[in-house]
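The values are calculated or read from the model by the stated rules, or taken from the named source; none is laboratory data. Nothing here was measured: the structure is a model prediction, and the numbers come from that model. Cβ placement follows ideal geometry from the backbone for every residue including glycine, while neighbour counts extend to all protein chains displayed. What goes into the accessible areas is simple: the full protein's heavy atoms, side chains included, and nothing from ligands, DNA or RNA. Shrake-Rupley method; radii C 1.70, N 1.55, O 1.52, S 1.80 Å.
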Amino acid sequence: MLRKLLKYDLNAVFRLWWAAAAVSVIMAVVGGFANAILNADRDLPMAVRTIASMVQFLALFSFIAFFLVMLVMIFVRYYRNFFTDEGYLTFTLPVSRKALLNSKALMGVIALGATAGVCSADLALMAFIGDRDYYLSEKFRNDAARFFKEMFESIGGYSFLYALEIAVLGAAVLLFTVLFLYTCVTFASMIVKKGKLIAAIGIYYGANSLFSFIIQMMVLFVVPSIMVWTNGLSDQMSCPVAALMLLLLICYVGMFCGILYTLTYRMLDRKLNLS
């Protein structure tokens, strides 16, 4: 049943995702040509360079907008399916609320993951078009080979472990983003009877601002201390310590994902009142 629910949710979201993805690719191509103009050795009029800079900024902004649009679509899908008139039909289906929540969580992670992948490809395409002579040259191949050789010589087999941990961490962060959104929407719909949408947006904005502030404080005060400590480690200890720290970070994000999932499920299962 989860597979059917997930297919239904993905079809609802990806109907518009393809159009947004196509627009982002077009903007990547346009931004790439603007980047090529800025990288040109020729003396061009200031007006041309200014327009190229604006186009380049617009292309980069479109990638961010693509991600935000997908976040809004996930929000709308979750809200409409659970907390509007559709909710009465949704919760009368012969499906557990855990399955419904799991489907929405997987849908959000897949949609955001696909969006992040397309945005990464857009950036690569934009960079390639902007300086294609370099990326097609022997110099680029030599630079890339030297970079990977030096990286592998410095960290050895840990490079594969790092890649795996970073991939898992990225998936965990996407899951946390989706569950954080769902928790805010569910809490708002639980505490108010009218104006649920406005309350959900307000609670999400406030909670997101608070969380961003906490992250900034950690970056300012905690991360420098960790970097100072790791700089004093030997080369033999730095690699396993870095791998362990990534693992702890994964566990940390996973713990918060578990907390948010439990809170959201309990509110849906015990506290939700659609009347």
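Here is how the numbers come out for the structure above:
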{"item": "Greater than 23 Å apart at Cα, pairs in Lys98/Lys194; Lys4/Lys98; Lys7/Lys194", "result": "Lys98/Lys194; Lys7/Lys194"}
{"item": "Segment Lys7-Phe140, length gained on full extension (0.36 nm per residue, minus Cα span)", "result": "43.7 nm"}
{"item": "Summed side-chain charge close to Ala40 - residues other than Ala40 whose Cβ falls under 15 Å, Lys, Arg +1, Asp, Glu -1", "result": "-1"}
{"item": "Residues Ala121 and Ser154, FRET efficiency given R0 of 22 Å [Cβ-Cβ distance, rounded to 0.05]", "result": "0.20"}
{"item": "Label of the coordinate-derived value, Kirkwood radius over Cα pairs in Å, listed as (1) 22.0; (2) 19.9; (3) 22.7", "result": "(1)"}
{"item": "Simple Cβ-charge dipole of the chain, Lys/Arg +1 and Asp/Glu -1, about Cα centre, in debye nearest 20", "result": "1440"}
{"item": "Theoretical ellipticity at 222 nm over the chain - DSSP helices of four or more residues, -39500 (n - 2.57) apiece, nearest 500", "result": "-31000 deg cm²/dmol"}
{"item": "Between the stretch 133-151 and the stretch 36-89, the alpha-carbon center distance in angstrom", "result": "31"}
{"item": "Calculated FRET efficiency for the pair Ser212/Ile166, C-beta based, R₀ 25 Å, to 0.05", "result": "0.70"}
{"item": "Net charge of Cβ neighbours under 15 Å - reference Gly202; Lys, Arg +1; Asp, Glu -1", "result": "+2"}
{"item": "Per-pair calculated FRET efficiency, R0 = 35 Å: Ile64 and Phe91 via Cβ, rounded to 0.05", "result": "0.50"}
{"item": "Descending principal axes extents, the stretch 1-43, alpha-carbon based, whole Å", "result": "63, 14, 6"}
{"item": "Accessible area expressed per residue, the chain, with surrounding protein chains retained (probe 1.4 Å, Å²)", "result": "61"}
{"item": "Relative contact order for the chain, counting Cα pairs under 8 Å that sit 6 or more residues apart, in percent", "result": "24"}
{"item": "Relative packing of 33-43, 126-136, which averages over residues the other C-beta atoms within 10 Å, highest first", "result": "126-136, 33-43"}
{"item": "Three-way shape label, the stretch 35-170, alpha-carbon gyration tensor, a/c 1.5", "result": "oblate"}
{"item": "Full-extension gain in nm, Ile198 to Arg42, via 0.36 nm per residue minus C-alpha separation", "result": "50.9 nm"}
{"item": "Burial order of peptide ranges 67-79, 9-21 (average beta-carbon count within 10 Å, highest first)", "result": "67-79, 9-21"}
{"item": "Surface share of carbon and sulfur [accessible, 1.4 angstrom probe, percent] for the stretch 1-136", "result": "70"}
{"item": "Cα-based helix-to-principal-axis angle, 2-39 vs the chain, degrees rounded to 10", "result": "30"}
